[in-house]
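Asks: Below is one structure. I have some questions about it.
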4 protein chains.
Amino acid sequence: MQRKIRMGMVGGGRGAFIGAVHRMAAQLDGRIELVCGAFSSTPEKSVASGRDLLLPADRCYASYPEMFRAERERPAGDRMDFVCIVTPNKTHYPVAKMALEYGFNVMCDKPLTFDLKEALALRKLVHKTGLLFGLTHNYTGYPMVKEARALVRSGRLGAIRKIVVEYPQGWLAGALEKSGQKQAGWRTDPAQAGSSCCMGDIGTHAENLAEYITGLEIEELCADLTTFIKGRKLEDDGNVLLHYKGGARGILYASQISIDDENGLRIRIYGDRGGLEWRQEEPNTLILKWPDQHRQLVRTNAKAGLLSAASKAASRLPAGHPEGFIEAFANLYRNYALALEAQLDGKKPTPEALDFPSVDDGVRGMAFIASLLKSSQSRQKWMKAVAWK
Amino acid sequence: MQRKIRMGMVGGGRGAFIGAVHRMAAQLDGRIELVCGAFSSTPEKSVASGRDLLLPADRCYASYPEMFRAERERPAGDRMDFVCIVTPNKTHYPVAKMALEYGFNVMCDKPLTFDLKEALALRKLVHKTGLLFGLTHNYTGYPMVKEARALVRSGRLGAIRKIVVEYPQGWLAGALEKSGQKQAGWRTDPAQAGSSCCMGDIGTHAENLAEYITGLEIEELCADLTTFIKGRKLEDDGNVLLHYKGGARGILYASQISIDDENGLRIRIYGDRGGLEWRQEEPNTLILKWPDQHRQLVRTNAKAGLLSAASKAASRLPAGHPEGFIEAFANLYRNYALALEAQLDGKKPTPEALDFPSVDDGVRGMAFIASLLKSSQSRQKWMKAVAWK
Amino acid sequence: MQRKIRMGMVGGGRGAFIGAVHRMAAQLDGRIELVCGAFSSTPEKSVASGRDLLLPADRCYASYPEMFRAERERPAGDRMDFVCIVTPNKTHYPVAKMALEYGFNVMCDKPLTFDLKEALALRKLVHKTGLLFGLTHNYTGYPMVKEARALVRSGRLGAIRKIVVEYPQGWLAGALEKSGQKQAGWRTDPAQAGSSCCMGDIGTHAENLAEYITGLEIEELCADLTTFIKGRKLEDDGNVLLHYKGGARGILYASQISIDDENGLRIRIYGDRGGLEWRQEEPNTLILKWPDQHRQLVRTNAKAGLLSAASKAASRLPAGHPEGFIEAFANLYRNYALALEAQLDGKKPTPEALDFPSVDDGVRGMAFIASLLKSSQSRQKWMKAVAWK
Amino acid sequence: MQRKIRMGMVGGGRGAFIGAVHRMAAQLDGRIELVCGAFSSTPEKSVASGRDLLLPADRCYASYPEMFRAERERPAGDRMDFVCIVTPNKTHYPVAKMALEYGFNVMCDKPLTFDLKEALALRKLVHKTGLLFGLTHNYTGYPMVKEARALVRSGRLGAIRKIVVEYPQGWLAGALEKSGQKQAGWRTDPAQAGSSCCMGDIGTHAENLAEYITGLEIEELCADLTTFIKGRKLEDDGNVLLHYKGGARGILYASQISIDDENGLRIRIYGDRGGLEWRQEEPNTLILKWPDQHRQLVRTNAKAGLLSAASKAASRLPAGHPEGFIEAFANLYRNYALALEAQLDGKKPTPEALDFPSVDDGVRGMAFIASLLKSSQSRQKWMKAVAWK
């Protein structure tokens, strides 16, 4: 392609955190440019947000239906190539559905949809349209996560026995939603967030990370979800025991009441020949554990001869220059852009380009939430995982 | 007292790790001296071990019954004051029973006994004799654990909501018991270790640590114990969900197949006003977490004005001079010695002196193991904790 | 401004690391766009690099003189607003000089020039033209560096007594320049890099960081520069004792032969009331040290009420989402863009917008190198710092 | 030997920190017992301290001359074998001299003496008497320091190029000596401490550590000593550049005004094939750095097959059971006791037993202090190290 990929955005107006992240991530590598948007459900705010972003007035749309209609009318060499959806959970499905129906490729924030039923319907539509669909389970974009994946998949850790993945946060340890804080408001509101707060928001990241690295699937689980804040309608903490297919055991926990924990996603994986450990808050180090060698610290982009192609491709800087959250997020967009370029050029994307979370990952996440809720409400110890394939 | 307390030892002969630890810990502060022992079930080895330790020949006994008989015959100002029991689990009960019957105070390695039934019988005997009984759940001896306890008990963290306690090790990740390694041999042998390997050995330490700091009791639990090594008869890994009385939730896990994890006991506790975190492998730092203050690092014996009396009393060196495992272990002995001095002098021990694990802690540990096994074999999600009081 | 600031670039073509960093950093916040460039001294490579970057053909220039001439001819509402210079050291001066003479504002990679004489001449020209000049001493862009500066400047640490700043790297521990590696080649070549390798490249970052945080100026110094690799013409390691005006003492060291150290810039500052510590490789934590409070960990964008306005403004994400090297670099560009917008709108930039390294910082850096070389060659212990004001 | 080695003590009475450390360290392994002492220069306090320690009344001496005389009179099978000297610096020499003259072996706290002249005289006397003399430069007792030494001496790091050793403390950041704190009082008093405070107390530890690991000797140095507290008569901070024989460069710094730094001894050593790093406050980890392998963490007593005999012999516990300051200190005593046993049995001590600091290390330390003071007062950049051999 001799031009940048053109992105439109739904959601992410003034004051929204995740919209800005998507814009920075998408444009970091100079292959994608934001060309239009419907940034808010309030038409005036939507347009004003677009102007803040220095977009031309005629591409600051008052609503997403208006945007899809107007962009479809623009000449092929000018209209947006894909839309990025960063609205609250409940609108993911209707926005994505309309985008696909208007022929636009989609990059969607997670969770995929409001519930599993919508997720299955959306997947059907994606498959039917043949359009490119990405989901921003962004933590899999870190170079050292890709290194971990390459290591496990290569068999160097042997057969996986145990996975411990945790995601503690503390920001909902008080009744923040009562203070008018917007994000706390919708995340704890079943009408907007769906049937889960903590597990839907961050527990699914933990599940996705474990699956991305190991390829293992949950067979059955035992969940203990808790709401600690009085009057809150969704859970703010959850502890889960896992049985993976093939015999591995797991613990997954997520929490939003773990005071002063910021964004503590951490994973430990043990095989019968070695183990590894990674922490999101210090993402450029991967710890390797061996029975008869000294513990090793693998570092982003250090000692190229020892690293997988995947982790090297996911890094932009020499070792010692910290690459963070935005860069990891950008790696999803980079691959999505590469795949989309190929598709727009009528070619088949490479396997490397397809290394970004798909609609299938989104369906699996929604099924995971459904499994957790079923288990948490049951007196039965082990609950078979809800099917997602 | 104008003399040292006199200790005898059962077990801990040549090649035993834990016996040497007890000797170093007991004698570190110069208030206790080893005067005699029956160090092995093999008479020759027992005597030779005593000679290695430079004990007089007439107090290197061939067996513990011989020792109890002979020591009782010695004059009051000369005979041993208490016996330290460091044999494999299955003999704790008979040795302790005989010691008590012969009128000797006892310090016993954990777990208390082979099973809960023995534990209950032993407790009855302790109460009946009025002798002083200590149990070496040694991790509660660290100064920063005592600081954590003081903090939680003072209410500064508010009502406790969540406890995450873990204890991963890797030393049994292979079939070490088949290589003839002695400790692996008896720990994985139900006839010697009892009904549990991993949870009995280290899971009980984790449970004890959580209880020591918070005072919370387990109401019900859900356990998933696994044996990863083919042919091994006892579990080498266990994951447990916990419901504490009063509403706190917990995760406890212990593992002996977590390759290259050494002795990774770690605890995180979250209340509604603050949280804390402590790791055994870096024991002189306690992390405090607050909603609206910077994270704090409390350090052993640093800034006396900010520390509890309990943590200061448990430390021997200025801040920055690492105090380790032996020093923590020695704190149990120091308190035990203070309490025993008082008792021998006909006085009531102070509450501070009684800060060492008691026979009750041992019974609770055995009940915990029983609860885990019941739960692990059940299809019911939540199992009421086996009573121990 | 209702449009993006337009940037041209000199240098940074195919294979150059730092050019890509500047492009990502400049464009991260969506206020600057790259519109043209002369990316290489080889005309064909220059143009091809521009095409790689998806620039229009007529703005991929064969050389920087051509670019300056052509851009000046473009209408005011279309021509580039400033030029970013990312060539090897020796051409900084001629490129910047011509840019200024053609009326373009400048953002220049460090060191400012080839030698102090050029630096002084360039400063004169900047002052004469009144154009906006920035220098990318990028490490001062980190939020926690700004927090450190705010803390020191507020007096909370008291009078500064001691500064220890170090910058070990290992990449030149072997004779990498003999392998044809391009960057090693020019950095160790006096004709291209100037009179210093290690101190010019990274020692000046260390000096700049210390000055940025504390505001202290070096009064006299004692330097020990060493070349460890046989045949290398410039130093690859340097240790320096510092006397600051006002009585503070310092140690500064930089090294390129410290095997496996990546980019280990670290600073410790001690006042008479407190101290602080910061490491570039874990940039989102600032350690605070007090005589009578627990050690504190300040974290990027955590607990807004406790942070300075400067550090909050320099951060884009909630706490726990690591912000790295590119984000810190982008903070220089963001402020530069804000200042340039004001200037282009005929307004005076705010003090906050002027928080980026200036031509004065560049002159001071060149004077620092000159001081080091004088000291290193002298038998006199203390060498007065070369004047730069 | 079929008995314990008998130790007497001079100094270390009530309230003294280091005396208690020596007693714990000496007796940790059950090969040494404290049998007598003259614990204070105040006779009543001396005797009372002995009683506190549960010593028999007739061996609680009022003064050290009385102790030496009385112990010499006791039968050979009963008198003390060696004396441990833990008095303030200024009395090391007279006490050690008298002990040697009375035929007693000596273990002496560091620094060896009040000044270099005394040190040389003492060495002569040690050689003349043939008695065993040890010095407690205790940091060399850590297992990972011994591992570092074995690694460097084996050549695995190649030729050593650079050493950075630092020892920051903060306890004298205020005028503590004015508050009546005893240790601050004598350490800052030239009449008691000698010509140096900070460098004599802790700078010599840093020098000793570097020499112990690398075997390198200082050829010339450049020192900058500072007194930050008004009215204090000795320096409380010092920064030093080092040239080692053979071409290695070094930085050594020690400080007692680095607020909230506890006991921050840290060393980094770089050769032309690899590097290492060790911190006293986390002593059970040794970091290894390689140009083309992942960074490695060596851990005390982990993976026996990879460790040197020296580090294994210096450790008492399985990996993961922290060994701290007292255990490291005890390693000096253990080796001293082994060597003394051999000597008392008329045998030649093994090289392994002689791995404890000797009178030569003490002389070298005193010469180092003399070199620092000469350099600090000079305007000459490089000062040849004062001879000590």
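Asks: Considering A:135, A:172, A:122, which residue is within 14 Å of chain B (Cβ to nearest Cβ), surrounded by 24 or more Cβ atoms within 10 Å (Cβ to Cβ) and aliphatic (A, V, I, L, M)?
Replies: On the way: A:135 fails: within 14 Å of chain B (Cβ to nearest Cβ); A:122 fails: within 14 Å of chain B (Cβ to nearest Cβ).
Residue meeting the stated conditions: A:172.
Asks: Which residue is farthest from the other protein chains (Cβ to nearest Cβ), if the candidates are limited to the stretch C:342-389 and must be without any contact (Cβ under 8 Å) to a residue 24 or more places away in the chain and small (Gly, Ala, Ser)?
Replies: Going through the qualifying residues, I end up with C:387.
Asks: Are there any helices (runs of 4 or more DSSP H) wholly within the stretch D:1-114 with 3 or more residues that are within 14 Å of chain B (Cβ to nearest Cβ) and over 23 Å from the mean Cα position of the chain (by Cα), and if so which? Give the steps one after another, and end with the answer.
Replies: Numbers: elements: D:17-27, D:43-52, D:64-73, D:92-101.
Those helices (runs of 4 or more DSSP H) span D:43-52.
Asks: Which one of C:184, C:206 is among the small types (Gly, Ala, Ser), under 20 Å from residue C:264 (Cα atoms) and without any contact (Cβ under 8 Å) to a residue 40 or more places away in the chain?
Replies: Values: C:206 fails: without any contact (Cβ under 8 Å) to a residue 40 or more places away in the chain.
Going through C:184, C:206 in turn, just one is among the small types (Gly, Ala, Ser), under 20 Å from residue C:264 (Cα atoms) and without any contact (Cβ under 8 Å) to a residue 40 or more places away in the chain: C:184.
Asks: Right, next: Quick check on residue C:303: is it in contact with a Ser or Thr (Cβ under 8 Å, 6 or more places away or on another chain), surrounded by fewer than 20 Cβ atoms within 10 Å (Cβ to Cβ) and in the same structural domain as residue C:164 (by TED's automatic domain parsing)? It would help to see each step written out before you state the result.
Replies: Details: in contact with a Ser or Thr (Cβ under 8 Å, 6 or more places away or on another chain): no; surrounded by fewer than 20 Cβ atoms within 10 Å (Cβ to Cβ): yes; in the same structural domain as residue C:164 (by TED's automatic domain parsing): yes.
Answer is no for this residue.
Asks: What pairs can you find where one residue is in the stretch C:267-291 and more than 7 Å from every other protein chain (Cβ to nearest Cβ) and surrounded by 20 or more Cβ atoms within 10 Å (Cβ to Cβ), the other is part of a loop (DSSP other than H, G, I, E, B) and of a type in the set (A, V, I, L, M), and their Cβ atoms are less than 6 Å apart, with a gap of 6+ or different chains?
Replies: Sorted first by the residue in the stretch C:267-291, then by its partner, the pairs are C:271/C:157; C:271/C:159; C:280/C:265.
Asks: Name the residues in the stretch D:348-375 that are among the aliphatic types (A, V, I, L, M) and either touching a helix residue (DSSP H, G or I) at 6+ places or on another chain (Cβ under 8 Å) or part of a loop (DSSP other than H, G, I, E, B) (or both), would you? Break it down stepwise before answering.
Replies: The initial filter retains those residues of the stretch D:348-375 that are among the aliphatic types (A, V, I, L, M), namely D:353-354, D:359, D:363, D:366-367, D:369-370, D:372-373.
If the condition is that a residue be among the aliphatic types (A, V, I, L, M) and either touching a helix residue (DSSP H, G or I) at 6+ places or on another chain (Cβ under 8 Å) or part of a loop (DSSP other than H, G, I, E, B) (or both), then D:353, D:354, D:359, D:363, D:366, D:367, D:369, D:370, D:372 are the ones that fit.
Asks: Further, regarding this structure: So residue A:321 fits all but one of (1) in contact with a helix residue (DSSP H, G or I) (Cβ under 8 Å, 6 or more places away or on another chain); (2) surrounded by fewer than 21 Cβ atoms within 10 Å (Cβ to Cβ); (3) assigned to a loop (DSSP other than H, G, I, E, B); what number is the exception?
Replies: Residue A:321 satisfies every listed condition except (2).
Asks: Still on this structure: Filter the stretch D:292-334 for residues that are within 14 Å of chain B (Cβ to nearest Cβ) and among the hydroxyl-bearing types (Ser, Thr, Tyr) and give the result.
Replies: Of everything in the stretch D:292-334, those that are within 14 Å of chain B (Cβ to nearest Cβ) and among the hydroxyl-bearing types (Ser, Thr, Tyr) turn out to be D:300, D:315, D:333.
Asks: Anything in the stretch A:74-98 that is without any contact (Cβ under 8 Å) to a residue 60 or more places away in the chain and buried (at least 19 other Cβ atoms within 10 Å of the Cβ)? List them, or say none.
Replies: A:92, A:93, A:96 - these are the residues of the stretch A:74-98 that are without any contact (Cβ under 8 Å) to a residue 60 or more places away in the chain and buried (at least 19 other Cβ atoms within 10 Å of the Cβ).
Asks: Any idea how many residues of the stretch C:165-194 are closer than 12 Å to residue C:234 by Cβ and in a loop (DSSP other than H, G, I, E, B)?
Replies: 4
Asks: Being touching a Phe, Trp or Tyr at 6+ places or on another chain (Cβ under 7 Å) and of a type in the set (Gly, Ala, Ser) is the filter here; which residues of the stretch C:38-68 pass it?
Replies: C:38, C:46, C:49, C:50
Asks: Does residue C:330 qualify as being surrounded by 23 or more Cβ atoms within 10 Å (Cβ to Cβ), farther than 22 Å from residue A:285 by Cβ and in contact with a Pro (Cβ under 6 Å, 6 or more places away or on another chain)? Even if it seems obvious, please write down each step before you answer.
Replies: Working: surrounded by 23 or more Cβ atoms within 10 Å (Cβ to Cβ): yes; farther than 22 Å from residue A:285 by Cβ: yes; in contact with a Pro (Cβ under 6 Å, 6 or more places away or on another chain): no.
Criteria not met by residue C:330.
Asks: Here's something else I'd like to know. What about residue A:259, is it buried (at least 24 other Cβ atoms within 10 Å of the Cβ), farther than 24 Å from residue A:21 by Cβ and within 12 Å of chain C (Cβ to nearest Cβ)? Spell out the reasoning first.
Replies: Details: buried (at least 24 other Cβ atoms within 10 Å of the Cβ): yes; farther than 24 Å from residue A:21 by Cβ: yes; within 12 Å of chain C (Cβ to nearest Cβ): yes.
When the stated conditions are applied, residue A:259 passes them.
Asks: Go through A:169, A:183 for me and flag whichever is at pLDDT below 95 and within 30 Å of residue A:15 (Cβ to Cβ). Show your work before the answer.
Replies: Values: A:169 fails: at pLDDT below 95.
When all the criteria are applied, what remains is A:183.
Asks: Still on this structure, I have one more. Tell me, yes or no, whether the stretch C:54-73 has at least one residue that is surrounded by fewer than 18 Cβ atoms within 10 Å (Cβ to Cβ) and among the hydroxyl-bearing types (Ser, Thr, Tyr).
Replies: Yes, the stretch C:54-73 contains a residue that is surrounded by fewer than 18 Cβ atoms within 10 Å (Cβ to Cβ) and among the hydroxyl-bearing types (Ser, Thr, Tyr).
Asks: Pull up the stretch C:220-241, narrow it to residues that are at the interface with chain D (Cβ under 8 Å from one of its Cβ atoms) and free of Cβ contacts under 8 Å to residues at least 60 places away in the same chain, then point me to the one that is surrounded by the most Cβ atoms within 10 Å (Cβ to Cβ).
Replies: Within the stretch C:220-241, the first condition is being at the interface with chain D (Cβ under 8 Å from one of its Cβ atoms), and the residues that meet it are C:222, C:224, C:226, C:228, C:237, C:239, C:241.
Imposing the further condition that a residue be free of Cβ contacts under 8 Å to residues at least 60 places away in the same chain reduces the set to C:226, C:228, C:237, C:239, C:241.
Details: C:226: 19, C:228: 21, C:237: 28, C:239: 26, C:241: 25.
Restricting to residues being at the interface with chain D (Cβ under 8 Å from one of its Cβ atoms) and free of Cβ contacts under 8 Å to residues at least 60 places away in the same chain, the top hit is C:237.
Asks: Look at residue C:244 and say whether it is under 12 Å from residue C:163 (Cα atoms), within 10 Å of chain D (Cβ to nearest Cβ) and touching a residue at least 40 places away in the same chain (Cβ under 8 Å). Quick ask: steps written out before the conclusion?
Replies: Values: under 12 Å from residue C:163 (Cα atoms): yes; within 10 Å of chain D (Cβ to nearest Cβ): no; touching a residue at least 40 places away in the same chain (Cβ under 8 Å): yes.
Against the criterion (under 12 Å from residue C:163 (Cα atoms), within 10 Å of chain D (Cβ to nearest Cβ) and touching a residue at least 40 places away in the same chain (Cβ under 8 Å)), residue C:244 does not qualify.
Asks: Within the stretch C:297-319, identify whether any single residue is of a type in the set (S, T, N, Q), at pLDDT 95 or above, under 30 Å from residue B:296 (Cβ atoms) and touching a His at 6+ places or on another chain (Cβ under 9 Å), and answer yes or no.
Replies: Looking only at the stretch C:297-319, we keep the residues that are of a type in the set (S, T, N, Q), and these are C:300-301, C:308, C:311, C:315.
Retained after the next criterion (residues that are at pLDDT 95 or above): C:300-301, C:308, C:311, C:315.
Subsequent filtering for residues that are under 30 Å from residue B:296 (Cβ atoms) retains C:300-301, C:308, C:311, C:315.
Then drop every residue that is not touching a His at 6+ places or on another chain (Cβ under 9 Å), which leaves C:300-301.
The answer is yes; a qualifying residue exists.
Asks: Kindly indicate whether residue C:114 is outside the structural domain of residue C:197 (by TED's automatic domain parsing), within 25 Å of residue C:341 (Cα to Cα) and either buried (at least 17 other Cβ atoms within 10 Å of the Cβ) or among the acidic types (Asp, Glu) (or both). Explain how you work it out, then say what you get.
Replies: Numbers: outside the structural domain of residue C:197 (by TED's automatic domain parsing): yes; within 25 Å of residue C:341 (Cα to Cα): no; either buried (at least 17 other Cβ atoms within 10 Å of the Cβ) or among the acidic types (Asp, Glu) (or both): yes.
Here the answer is no, as residue C:114 does not meet what is asked.
Asks: While we're on this one: So, residue A:157, is that one of a type outside the set (Ser, Thr, Tyr), within 14 Å of chain B (Cβ to nearest Cβ) and part of a helix (DSSP H, G or I) or not? Reasoning before the result, please.
Replies: Values: of a type outside the set (Ser, Thr, Tyr): yes; within 14 Å of chain B (Cβ to nearest Cβ): yes; part of a helix (DSSP H, G or I): no.
It is false that residue A:157 is of a type outside the set (Ser, Thr, Tyr), within 14 Å of chain B (Cβ to nearest Cβ) and part of a helix (DSSP H, G or I).
Asks: Take residue A:252 and tell me if it is away from chain C (no Cβ under 14 Å) and either free of Cβ contacts under 8 Å to residues at least 60 places away in the same chain or within 30 Å of residue C:142 (Cβ to Cβ) (or both). Give the derivation first.
Replies: Numbers: away from chain C (no Cβ under 14 Å): yes; either free of Cβ contacts under 8 Å to residues at least 60 places away in the same chain or within 30 Å of residue C:142 (Cβ to Cβ) (or both): no.
It is false that residue A:252 is away from chain C (no Cβ under 14 Å) and either free of Cβ contacts under 8 Å to residues at least 60 places away in the same chain or within 30 Å of residue C:142 (Cβ to Cβ) (or both).
Asks: Touching a residue at least 40 places away in the same chain (Cβ under 8 Å), surrounded by fewer than 24 Cβ atoms within 10 Å (Cβ to Cβ) and under 23 Å from residue C:315 (Cα atoms), is that true of residue C:156? Reasoning before the result, please.
Replies: Details: touching a residue at least 40 places away in the same chain (Cβ under 8 Å): yes; surrounded by fewer than 24 Cβ atoms within 10 Å (Cβ to Cβ): yes; under 23 Å from residue C:315 (Cα atoms): yes.
Yes.
The values are calculated or read from the model by the stated rules, or taken from the named source; none is laboratory data. All of these numbers come straight from a predicted model, not from anything done at the bench. Every residue, glycine among them, receives a Cβ derived from its backbone with ideal geometry; neighbour counts consider all protein chains shown.
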